[in-house]
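Q: Below is the structure I would like to discuss, written out as structure tokens.
The values are calculated or read from the model by the stated rules, or taken from the named source; none is laboratory data. Computed from a predicted model, the values in this text were never measured in an experiment. So basically every Cβ, Gly included, is an ideal-geometry build from the backbone, and we count neighbours across all protein chains shown. To get the accessible areas, we keep the full protein, side chains included, count just its heavy atoms, and leave off ligands, DNA and RNA. Shrake-Rupley method; radii C 1.70, N 1.55, O 1.52, S 1.80 Å.
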Amino acid sequence: MGTDAARIDVHCHSMTPAYRAAIADLGSIIRTPPWTPQVAIDFMDRHGIAAGIPSLSVPGTHHGDYAKPRALARRHNEEAADFVARYPKRLGAFATLPLPDIAGACDEARHALDVLKLDGIGLLASYDGVYLGDPAFDPVYDILDQRSAAVLIHPNNHPSTQMIRQGINKGVGNFLVEFLFDTTRAAINLVFSDVLDRCPNIRFILCHAGGTLPFVSWRLAEIVSRQMTVPPWDAQYPSRFMQRYAGRVTPDLVLSQFRRFWYETALSAGPQTFGSLKVVADPERILFGSDWPYCPDDMTDDMVRALADEAMLDAGQREQIARTNALGLFPRFR
């Protein structure tokens with residue numbers, strides 16, 4: 001099967017009945033685009049996508065007390081398992097967890113992966129202002145590590161976003177750049193919290209090409225290895241990562257941590273982004289993503305066209321990103 005008819009989309013979103021009803025109850029302005037399994041498949045057929053693995057977008061399932069998010073996460077995941085069972089070769093699903101409820105998230109992760117057999121877990125970069133990598137989430141990481149779970153990290157509306165927006169033109173939506181910073185912060189926190197080494201079996205996928213991580217990676221590697229390893233900064237900025245590699249921190253070590261992530265290309269498909277991404281990412285860990293239905297068809301066309309640029313990617317690289325790399329994570333779509 002050729003690339004043009006065989007893409008695997010790892011960053012697309014579902015809108016199951018349970019989730020749509022929960023968002024409506026919030027009375028918020030969160031968008032709920034039209035979505036059914038058939039609408040999703042029709043979109044995929046228009047863009048040469050053989051399979052899509054939807055996840056939930058912002059705000060996830062935690063909307064207040066712990067009881068309701070647990071029930072909502074369970075309903076959503078079971079509805080997702082139902083559409084996967086009906087269209088097993090076209091649709092997958094990243095399960096949602098009711099974080100920051102740790103006990104509820106652990107129970108739901110076991111149910112989603114062991115019972116429902118969903119394809120992975122979708123996490124937001126932060127919950128109640130706490131970024132992934134925080135030790136509070138360690139029990140969840142342990143469960144995901146034991147199951148070698150694929151974990152998609154999607155940005156969230158961090159509370160700091162509201163403060164930042166007070167000093168920016170009101171016409172600058174947080175989705176323009178703040179989402180990218182949110183993903184970057186979560187990725188760096190996972191590194192410094194030593195989650196990548198402590199839980200090496202989790203396959204973390206960073207949305208939107210890792211936010212700004214590829215672009216700032218050289219800066220990070222230099223500062224971490226040349227400055228944070230010597231007094232007074234070594235004592236001022238302690239972390240699990242620096243403790244594990246005490247005396248052995250080099251720029252190459254820091255960059256090697258970034259190569260352990262997978263990166264997807266939604267809204268990050270042009271040469272402006274790939275100039276950094278191709279240098280930082282393992283070429284076998286770059287995946288196709290569309291961000292549909294929040295990104296409409298014409299934007300998906302733009303992403304597909306950008307990835308077809310022969311000056312940016314050769315035929316082998318295009319095939320890897322479109323399909324082959326994703327099959328390493330999700331072989332059932334082979």
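Rundown of residues vs (1) over 25 Å from V191 (Cα atoms); (2) buried (at least 16 other Cβ atoms within 10 Å of the Cβ); (3) without any contact (Cβ under 8 Å) to a residue 40 or more places away in the chain, yes/no style:
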position: Q227; (1), (2), (3): no, no, yes
position: D252; (1), (2), (3): no, no, yes
position: R285; (1), (2), (3): no, yes, no
position: L313; (1), (2), (3): yes, yes, yes
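Q: Taking the condition without any contact (Cβ under 8 Å) to a residue 60 or more places away in the chain, surrounded by fewer than 21 Cβ atoms within 10 Å (Cβ to Cβ) and more than 25 Å from T265 (Cα to Cα), does I41 pass?
A: For I41, the condition - without any contact (Cβ under 8 Å) to a residue 60 or more places away in the chain, surrounded by fewer than 21 Cβ atoms within 10 Å (Cβ to Cβ) and more than 25 Å from T265 (Cα to Cα) - is not met.
Q: Let me ask something additional. Among the residues of the range 275-310, how many are part of a loop (DSSP other than H, G, I, E, B), closer than 21 Å to L152 by Cα and acidic (D, E)?
A: 2
Q: Within the range 77-107, track down each residue that is closer than 21 Å to G129 by Cβ and in contact with a strand residue (DSSP E or B) (Cβ under 7 Å, 6 or more places away or on another chain).
A: T96, L97, L99, P100
Q: Yes or no: A246 modelled with pLDDT of 95 or more and surrounded by fewer than 16 Cβ atoms within 10 Å (Cβ to Cβ)? Spell out how you get there, then give the answer.
A: Working: modelled with pLDDT of 95 or more: yes; surrounded by fewer than 16 Cβ atoms within 10 Å (Cβ to Cβ): yes.
Against the criterion (modelled with pLDDT of 95 or more and surrounded by fewer than 16 Cβ atoms within 10 Å (Cβ to Cβ)), A246 qualifies.
Q: Scan (1) open to solvent by 10 Å² or more (accessible area, probe 1.4 Å); (2) of a type in the set (S, T, Y); (3) closer than 25 Å to H154 by Cβ for the single condition S268 breaks and write down its number.
A: (1)
Q: Please state which of the following conditions G275 fails to meet, knowing it meets all the rest: (1) without any contact (Cβ under 8 Å) to a residue 40 or more places away in the chain; (2) surrounded by 14 or more Cβ atoms within 10 Å (Cβ to Cβ).
A: G275 satisfies every listed condition except (2).
Q: Which of (1) part of a helix (DSSP H, G or I); (2) modelled with pLDDT of 95 or more; (3) more than 21 Å from Y294 (Cβ to Cβ); (4) among the hydroxyl-bearing types (S, T, Y) does S160 not meet, given it meets every other one?
A: With (1) part of a helix (DSSP H, G or I); (2) modelled with pLDDT of 95 or more; (3) more than 21 Å from Y294 (Cβ to Cβ); (4) among the hydroxyl-bearing types (S, T, Y) applied to S160, the lone miss is (2).
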